[in-house]
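Note sheet for the following structure.
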Amino acid sequence: MMPMAKKEEILDMKEMTRKQQDYSKLLLYIGIIVAIILFAMAFLDYIGGIDTALLWIDYVAIGLMAICGPYGFYATSKHKKIKEIESRLPDFLRDVAEAGRFGMTLAEAVKVASRGRYGSLTPEIRRMAAQIDWGVPAGEAMRLFSERVDTPLTNRMMSIIVKANDAGGNVADVLTMVAHDAREVMLAEQERKISMATYTVVIYVAFMVFLATIFILNSTFLPKMEEAGSSVAEGAQAAGITNMPATIQTDIIPTVQLIFIVSVVIHAFGDGILAGVLQDGRIANGMRHSFIMLLIGLIGTRLIAG
């Protein structure tokens, strides 16, 4: 019989493995709250309730950045770490399978493999080995590992291994098959990522071209339009003409510039989301791209508003 104190320690360890410090939702909620405040300020600025050096669309852009930036970068960083773990998982499973062919049980094979080096996966393997030393069954330790990583590929792999281990017998062939399948899946994902990288670059280039076009229009066309309108008005006044049949309405130039800024914000947010989804199918990664594009667009629009 296992002592009660040791049982409690094992339960505490299981509970600790389930609790991962995931701040992504917290960052998203904080970003939404900050964005709501900035959107309210944008509305007040739009109706003339407040008077600041910023335009109302600037508050909207900064609010979108508050939502996209912290959450997007944190979620992408966490996803990258998980992908690094997944990339070394086939090597670990292959080593466990080799140990199993020498007659070791799954628990013994995991403890032997924990002495190796698997990059970012090494701490997780050593945690599994420590759990097994504390009396946690190998299948349960693997299930807890899949809960910590929590990706479809890892969950599927660990589920197959746990069921094969529960069925009894040598699971070396199952481990080899699962490792081969995981390697094929990751190669397919890598090929897709490489092929989609071109489209991500195209989106960034198109956005930069859009910014450059707006800058050229604002720096050349609109000033010439204002100059032509002033010349026509002065000529008509000098000639004593009071009712011109057609005039150049230069007073709409600030409105046109505001439309330019609004279009930049819309393009930055939408194109960023699209770039992330095309890159790896994740909106969180798209929010990271949106933050970058919004920052570039906000700096670029200062030249337009100036």
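Exposure proxy ranking for Ile252, Ile132, Ile85, based on other Cβ atoms within 10 angstrom of each Cβ and starting from the fewest, stands as Ile252, Ile132, Ile85.
For the pair Met177 and Arg101 in one chain, pulling the backbone fully straight at 0.36 nm per residue adds 26.0 nm over the alpha carbon distance. The order of Phe145, Phe39, going from fewest to most other C-beta atoms within 10 Å of their C-beta, is Phe39, Phe145. Strictly over 25 Å apart at the Cα level, which of Lys25/Lys111; Lys83/Lys111; Lys80/Lys193; Lys81/Lys163; Lys78/Lys163 would you flag in this model? Too far apart for the 25 Å limit: Lys25/Lys111; Lys81/Lys163; Lys78/Lys163. Of the chymotrypsin sites (Phe, Trp or Tyr not before Pro) found in the range 51-134, those in coil by DSSP whose Cβ has at most 11 other Cβ atoms within 10 Å are Phe102.
3J(HN,Hα) along the range 174-182, derived from phi through the Karplus expression 6.51 cos²θ - 1.76 cosθ + 1.60 where θ = phi - 60°, amounts to 5, 4, 5, 5, 5, 4, 5, 5, 5 Hz, with x in place of Gly and Pro. Karplus-derived 3J(HN,Hα) values for the range 105-110, using 6.51 cos²θ - 1.76 cosθ + 1.60 with θ = phi - 60°, are 6, 4, 5, 5, 5, 5 Hz; glycine and proline are entered as x.
Among the GluC sites (Glu not before Pro) in the range 90-140, none is located in a DSSP loop while being surrounded by at most 11 other Cβ atoms within 10 Å of its own Cβ.
Applying 1/(1 + (r/R0)^6) with R0 = 51 Å to the Cβ-Cβ distance of Thr198 and Lys224 gives a FRET efficiency near 0.85. As a proxy for reagent exposure, Met157, Met104, Met177, Met293 were ordered by neighbouring Cβ count within 10 angstrom, fewest first; the result is Met177, Met104, Met157, Met293. Where the centre of each part is set by its Cα atoms, how far does the range 108-143 sit from the range 41-96, in angstrom? So the separation of the two Cα centres works out to 34 Å.
Take every pair of alpha-carbon atoms less than 8 Å apart whose residues are at least six positions apart; their mean separation over the length of the range 40-109 yields a relative contact order of 17 percent.
Between Ala212 and Val34, the contour length at 0.36 nm per residue exceeds the Cα-Cα span by 61.0 nm.
Read-outs: derived from the displayed coordinates by stated rules, not from any lab. These numbers come from a predicted model, not from an experiment. Please note: Cβ atoms are built from the backbone with ideal geometry, for glycine as well, and neighbour counts cover all protein chains shown.
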